[in-house]
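To keep things clear, I will list the structure first and then write my remarks on it.
The values are calculated or read from the model by the stated rules, or taken from the named source; none is laboratory data. Quick caveat: nothing in here was measured; it's all calculated off a predicted structure. So basically every Cβ, Gly included, is an ideal-geometry build from the backbone, and we count neighbours across all protein chains shown.
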Amino acid sequence: MIAELGHFALILAFVTACLQTVVPLVGADRRWPGWMAFAEPAANVQFFLTVVAFAALTYAFVTSDFSLQLVVSNSHTDKPLLYKVTGVWGNHEGSMLLWVLIVTLFGAMAQWFGGNLPPTLRARILAVQGSIGAAFFAFILFTSNPFLRMDVAPFDGRDLNPLLQDPGLAFHPPFLYLGYVGLSMAFSFAIAALIEGRVDAAWGRWVRPWTLAAWMFLTIGIGLGSWWAYYELGWGGFWFWDPVENASFMPWLIAVALLHSSVVVEKRESLKSWTVLLAIIAFGFSLLGAFITRSGIITSVHAFATDPERGVFLLLIMGVFVGGGLTLFAARASVMEAKGVFGLVSRESALVANNVLLVVATFVVFIGTIWPLISEMLFDRKLSVGEPFFNQAFTPFMVILGLILPIGSMLPWKRARIGRTVRALWPALALALAVLALVWAIQSGRSALGPVGMMLGTWLVVGAVIDVLSRAGRGGNGRNRLARLARLPRSDWGKAVAHSGLGVTMAGVAGLLAWEMEDIRVVQTDESFDVGRYEITLRNVEQVQGPNYVSTMALVDVARGGNLITTLRPEKRVYPVAGQPTTEAAIDNGFLRDIYVVIGDPQQAGGWAMRVYIKPLANWIWGGSILMALGGFLSLSDRRYRVAAGSRKSSRLQGVPAE
């Protein structure tokens with residue numbers, strides 16, 4: 001009965017979404033207040049009905065209702081409760097229900113917090129958001145119904161993929177979807193503005209917090225996914241340039257560009273067409289990610305489904321929204337006339353350079369991701385585009401971006417003198433060059449990757465600090481300067497923290513790739529060996545029974561200079577129900593390095609296969625991600641960047657839009 005209630009709620013939500021798409025658009029066109037106001041209760045009802053459907057599916061998983069096909073395929077009685085809950089979105093059908101739940105959440109939030117938006121714009125935004133919900137409700141109901149019943153309910157299920165039974169991956173999809181789907185709001189704002197024929201400073205201010213929230217969640221989601229891959233898959237890496245990883249990274253890059261270009265729209269009323277185009281493309285890449293993971297065109301541990309029919313449906317959705325958005329953009333581009341003019345040396349020009357670098361870098365990742373598919377379809381050749389291509393093609397753009405970022409963030413608007421800005425940044429430049437020289441002198445016979453990465457990280461972090469200090473002004477005693485710093489807008493602090501986070505991540509990636517040590521060998525019990533400055537000893541290997549798995553666990557002592565540092569317990573687990581093994585690395589985390597140990601299979605000649613890595617600065621990668629997300633949160637908490645902030649000044653926009 002509960003499942004039928006959830007299915008019925010989905011149908012009602014689909015009908016509501018269709019009405020929300022049509023009625024407010026007609027009302028905005030005809031200036032009928034009642035029809036425009038229909039969008040507000042419709043957004044709330046649509047969200048409420050989707051919550052009911054999602055709660056019904058969650059109840060089925062928690063109670064192990066094996067009359068549902070989805071629960072049979074992705075759950076088991078002995079599975080821990082956490083993974084019963086996360087099993088709701090650990091599959092294609094459930095993940096799409098989570099997707100549409102977040103679509104309706106953002107639509108409802110636009111209604112809750114958009115009260116000061118002009119009524120016609122608000123109605124059109126909610127209508128576009130409703131159309132996105134309608135498309136995905138149709139996709140779920142016609143191709144991916146999570147409430148299908150079994151003819152005969154089995155006694156137990158087939159369990160969830162063991163790789164997904166992990167806390168890191170349990171929370172990775174919700175954050176990732178909050179980012180993916182959050183970009184739909186930027187898309188809705190862009191399409192509504194194109195229909196109205198007006199993009200101005202107020203629009204730039206309104207769209208920015210939604211983009212910022214989506215980028216923040218996407219940052220957390222990508223960071224969680226990278227961290228999970230690092231410790232769970234046992235291969236020792238943090239990024240594989242897998243097509244599905246790239247599918248989340250590309251909208252992240254475009255969202256960064258969109259954030260910076262919307263600042264130019266808000267402050268200078270320039271780059272209007274470009275910003276609207278970025279909003280359409282950003283959501284297009286989110287739809288591309290859904291298509292890649294569910295169409296069967298790629299094989300990945302991240303992929304949910306391999307059904308071509310579903311892929312065609314998603315491709316149709318992507319074509320309608322992206323193609324329709326670009327067509328509308330082409331038809332209405334003439335009304336987005338830029339007002340602000342700026343010199344070649346100015347903050348506007350620096351932000352244009354930032355956007356160009358990010359978009360070209362995204363294009364490089366896109367080509368590397370889809371080229372194997374194009375090669376196979378057009379030339380009947382199977383190719384593999386791997387890590388070497390992406391590292392060599394993508395890295396230069398990030399290096400250039402890191403070099404210009406502190407300078408660009410301190411340049412004045414409209415026109416500037418670059419010499420004055422560089423002079424203000426000389427402490428950061430001097431310290432960065434000193435770090436470069438020091439690291440180069442310490443290391444021997446290695447690449448320049450490590451020194452350059454540490455230099456860039458220092459340049460970005462110290463540059464961000466100088467930027468904040470410069471905004472507090474000069475003069476006065478220390479107490480007065482601290483008071484001025486405390487009064488700075490949170491968006492300034494958020495920018496500094498986010499830029500610092502990028503610097504920390506760059507330093508971590510460079511240090512890990514440049515100075516990592518790896519040792520692979522067969523080890524006997526009580527045998528010791530050295531890896532770098534550490535002595536590794538395999539003490540014992542034993543069998544351990546887990547709640548729903550059997551584990552082969554090793555006890556490994558790690559010592560330095562004869563002193564025991566820690567005892568690690570790497571595991572190799574087998575999940576009997578799913579019939580799949582997993583590798584559980586044991587990691588001794590540190591600020592400057594990780595010691596990473598993996599136990600392998602027993603060998604015929606005796607002993608165990610073991611892999612040991614020394615990974616310098618590994619945790620800086622995720623620490624930088626946390627700082628970037630924190631910077632986004634600080635900026636989002638600035639009252640100037642909330643949806644309704646500043647909109648009272650633009651209440652005159654409630655009239656007939658310019659054509």
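Looking only at residues in region 587-606 that are touching a strand residue (DSSP E or B) at 6+ places or on another chain (Cβ under 8 Å) and of a type in the set (A, V, I, L, M, F, W, C), which one is surrounded by the fewest Cβ atoms within 10 Å (Cβ to Cβ)?
Checking each candidate, the answer is Ala605.
Looking only at region 586-639, count how many residues are over 18 Å from Gly511 (Cα atoms), touching a residue at least 40 places away in the same chain (Cβ under 8 Å) and among the polar types (S, T, N, Q).
3
Inside region 530-552, can you point out the residues that are touching an Asp or Glu at 6+ places or on another chain (Cβ under 7 Å) and without any contact (Cβ under 8 Å) to a residue 40 or more places away in the chain?
Of everything in region 530-552, those that are touching an Asp or Glu at 6+ places or on another chain (Cβ under 7 Å) and without any contact (Cβ under 8 Å) to a residue 40 or more places away in the chain turn out to be Thr537, Arg539, Ser551.
Those residues that are part of a helix (DSSP H, G or I) and of a type in the set (D, E, K, R), I need them from region 318-358; list them, please.
Arg332, Arg347, Glu348
Can you tell me which residue in region 53-97 is nearest to Asn548 (Cα to Cα), limited to those that are surrounded by fewer than 24 Cβ atoms within 10 Å (Cβ to Cβ) and hydroxyl-bearing (Ser, Thr, Tyr)?
Here the answer is Thr77.
Can you tell me how many residues within region 308-342 are within 24 Å of Val256 (Cβ to Cβ) and either among the basic types (Lys, Arg) or surrounded by 15 or more Cβ atoms within 10 Å (Cβ to Cβ) (or both)?
9
With respect to Trp89, is the statement that it is among the aromatic types (Phe, Trp, Tyr) and touching a Ser or Thr at 6+ places or on another chain (Cβ under 7 Å) true?
Criteria met by Trp89.
Quick one: would you say Arg446 is outside any helix (DSSP H, G or I) and among the basic types (Lys, Arg)?
Here the answer is yes, as Arg446 does meet what is asked.
Could we say that Ala428 is small (Gly, Ala, Ser), under 24 Å from the mean Cα position of the chain (by Cα) and more than 28 Å from Gly204 (Cβ to Cβ) here?
Working: small (Gly, Ala, Ser): yes; under 24 Å from the mean Cα position of the chain (by Cα): no; more than 28 Å from Gly204 (Cβ to Cβ): yes.
So Ala428 fails the test.
Of everything in region 413-448, what is under 22 Å from Val345 (Cβ atoms) and among the aromatic types (Phe, Trp, Tyr)? Give them in sequence order.
Scanning region 413-448 gives Trp413, Trp426.
Search region 7-28 for residues being of a type in the set (Gly, Ala, Ser) and buried (at least 24 other Cβ atoms within 10 Å of the Cβ), and hand back the single one that is farthest from Ala39 (Cα to Cα).
Ala13
For region 368-385, which positions are in a helix (DSSP H, G or I) and either basic (Lys, Arg) or modelled with pLDDT under 80 (or both)?
Listed by number, the residues that qualify are Glu376, Met377.
The conditions are (1) over 22 Å from Thr143 (Cβ atoms); (2) modelled with pLDDT of 95 or more; (3) within 31 Å of the chain's Cα centre (by Cα), and Val23 fails exactly one of them. Which is it?
Going through the list (1) over 22 Å from Thr143 (Cβ atoms); (2) modelled with pLDDT of 95 or more; (3) within 31 Å of the chain's Cα centre (by Cα), Val23 breaks only (3).
Please list, ordered by first then second residue, the pairs with beta carbon atoms under 9 Å, 6 or more apart or interchain, first in region 124-151 and more than 14 Å from Val181 (Cβ to Cβ), second in a helix (DSSP H, G or I) and among the basic types (Lys, Arg).
Correct list of pairs: Thr143/Arg310; Ser144/Arg294; Ser144/Arg310.
Which residues, counting only those in region 398-441, are outside any helix (DSSP H, G or I) and touching a residue at least 60 places away in the same chain (Cβ under 8 Å)?
To start, the set of residues in region 398-441 that are outside any helix (DSSP H, G or I) comprises 411-417, 425.
Leu411, Pro412, Trp413, Lys414, Arg415, Ala416, Arg417 - these are the residues of region 398-441 that are outside any helix (DSSP H, G or I) and touching a residue at least 60 places away in the same chain (Cβ under 8 Å).
Could you name every one of the helices (runs of 4 or more DSSP H) located completely within region 29-145 that has at least 3 residues being under 23 Å from the mean Cα position of the chain (by Cα)?
Those helices (runs of 4 or more DSSP H) span 81-86, 92-113, 119-143.
Could you please let me know if Asp156 is at pLDDT below 95, under 26 Å from Thr21 (Cβ atoms) and surrounded by fewer than 20 Cβ atoms within 10 Å (Cβ to Cβ)?
When the stated conditions are applied, Asp156 does not pass them.
Quick one: count up the residues across region 605-644 that are of a type in the set (Gly, Ala, Ser), touching a helix residue (DSSP H, G or I) at 6+ places or on another chain (Cβ under 7 Å) and part of a loop (DSSP other than H, G, I, E, B). Write out each step before concluding.
Taking region 605-644 first, the residues of a type in the set (Gly, Ala, Ser) are 605-607, 609, 618, 623-625, 629, 631-632, 635, 637, 644.
If we keep only those that are touching a helix residue (DSSP H, G or I) at 6+ places or on another chain (Cβ under 7 Å) too, we end up with 618, 623-625, 629, 631-632, 635, 637, 644.
Pick out the ones that are also part of a loop (DSSP other than H, G, I, E, B) and you get 637, 644.
Number of matching residues: 2.
Any residue at all in region 567-583 that is surrounded by fewer than 19 Cβ atoms within 10 Å (Cβ to Cβ) and over 36 Å from the mean Cα position of the chain (by Cα)?
No - not one qualifying residue is present in region 567-583.
From Leu271, Leu258, Leu278, Leu218, which residue is buried (at least 23 other Cβ atoms within 10 Å of the Cβ), at positive phi, touching a residue at least 24 places away in the same chain (Cβ under 8 Å) and in contact with a helix residue (DSSP H, G or I) (Cβ under 6 Å, 6 or more places away or on another chain)?
Leu271
Find the residue count for region 47-102, including only residues that are without any contact (Cβ under 8 Å) to a residue 12 or more places away in the chain and under 26 Å from Glu309 (Cβ atoms).
Here is the first cut: in region 47-102, the residues without any contact (Cβ under 8 Å) to a residue 12 or more places away in the chain are 48, 63.
Next, only the ones that are under 26 Å from Glu309 (Cβ atoms) stay: none.
Looking only at that region, the number is 0.
Being closer than 20 Å to Tyr59 by Cβ and of a type in the set (A, V, I, L, M, F, W, C) is the filter here, so list the residues in region 85-130 that pass it.
Val85, Val88, Trp89, Met96, Leu97, Leu98, Trp99, Val100, Leu101, Ile102, Leu105
How do the pairs read when you match residues in region 372-385 that are closer than 22 Å to Phe240 by Cα with residues anywhere that are exposed (fewer than 10 other Cβ atoms within 10 Å of the Cβ) and not charged (D, E, K, R), using Cβ under 7 Å and keeping only pairs 6 or more apart or on different chains?
Correct list of pairs: Pro372/Ser384.
From Ala186, Ala229, which residue is modelled with pLDDT under 90, crowded, with 22+ Cβ neighbours inside 10 Å, among the hydrophobic types (A, V, I, L, M, F, W, C) and in a helix (DSSP H, G or I)?
Ala229
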